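Nothing in this text is a laboratory measurement; each read-out follows from the coordinates by a stated rule. Small disclaimer: the values here were computed from a predicted structure and weren't measured. All Cβ positions, even for glycine, are placed from backbone atoms using ideal geometry, and neighbour counts span all protein chains on display.
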Amino acid sequence: MSQPPRRRGGAGASGCLMVVGACALFGLSGTASRVLIDHGTSALTVTQFRMGAGFLSLFAVLALTRRELLRLPWRWLPRVVLFGLALAALIYCYSMAIARLPLAVALVLQYSAAAWLAAADAVRRRRRPAASVLVALPLTLGGVVLMVGVGGAQLSRLDSLGLVFGLATAAAYILYLVCGRGIGGAVHSATSTMYGSLVAAVAWTCVQPPWRIESGAWEPRALVPLVLIGVLGMAAPFALVLTAVRSLGPTRVSMLGTFEIVATSVIAYVWLGQALTLLQCFGGLLVVAGVVVCGRQVPEEEGQSADRAPDEAPVAGPN
């Protein structure tokens, strides 16, 4: 009788470690992207390689482990294409944002989208927002204000175009979440992410064909990190998050996913020397709190449904 609880507790602990590991990989890949951009690789090239390598690595993982997930019902193809275009816009805007802003600031702007989406849902349904949304919105807005230093000297030190791309990242993230929600009940998240990455890679290849990519990107010192960003920033964290969802449920995973802000801030400080002020750190914590409070509006039964149907569970963001 005492055996099952111990297994469940062990699974919960390992699931938490998987999400934390995925967040660290997302933060590592984001920081590595910034380093490549600082050394002359364009944000578009980083996006292309990340999507292309991400697709190939996800395809390899599924081909070896879950071949049935390689099949995509034709009737869902248009929605998956739209999902892929949203993913393409998200990764590009994020790459442009981190090229001009501290990584933590760009990431906080993106994560604030969760609260805005919850508020928009309440307006669309013409009903009073849930108490969690009413609490989450001021926390998120206040956190973003502190993070970018609106009205103070910090704002003048931030790149204005970077802030535009940061806000565009939040808008693209909302589109990504809406498109993902639309296909999440019918297409496995691994399948939608893999084909979404393919669509994104093809879309940006049409914009910048391989022969127009800067020659330095094909040199080993740049090519190897670019490929690793695709693998470590897509396939590896995706596999960790998908496994964690089965034991924790999507709600808890999405809450734990906000650890990416902390992980990215620490990695960017150690690697790039991007230090945050005390007010910016407090603002980041407010955004994390807002996302967590917003996530608590999802019923607890969600975790149980994830155990019954893990193939339909959503995954964390693609950063």
(request) Please give the contour-minus-distance gain from W271 to A13: 0.36 nm per residue of separation, less the Cα-Cα distance, rounded to one decimal in nm. (result) 90.0 nm
(request) Find how much the distance from V35 to R221 grows on full extension, using 0.36 nm per residue of separation minus their present alpha carbon separation; answer in nm with one decimal. (result) 65.8 nm
(message) For T205, project a label point 7 Å along Cα to C-beta. Then give me every residue of region 212-237 with its amide nitrogen under 15 Å of that point.
(response) 212-213
(request) Return the sequence-ordered ³J(HN,Hα) values of region 76-86 in whole Hz as given by the Karplus equation 6.51 cos²θ - 1.76 cosθ + 1.60 applied to θ = phi - 60°, using x for Gly and Pro. (result) 9, 4, x, 5, 5, 4, 4, 4, x, 5, 5
(request) At 0.36 nm per residue, minus the direct Cα-Cα distance, what do R212 and R125 gain on full extension? Give it in nm, one decimal, please. (result) 26.6 nm
(request) With a Förster radius of 35 Å, plug the Cβ-Cβ distance of V164 and L64 into 1/(1 + (r/R0)^6) and report the FRET value to the nearest 0.05. (result) 0.25
(message) Along the Cα→Cβ direction, 7 angstrom out, place labels at L77 and L279. What is the inter-label distance in nm?
(response) 5.4
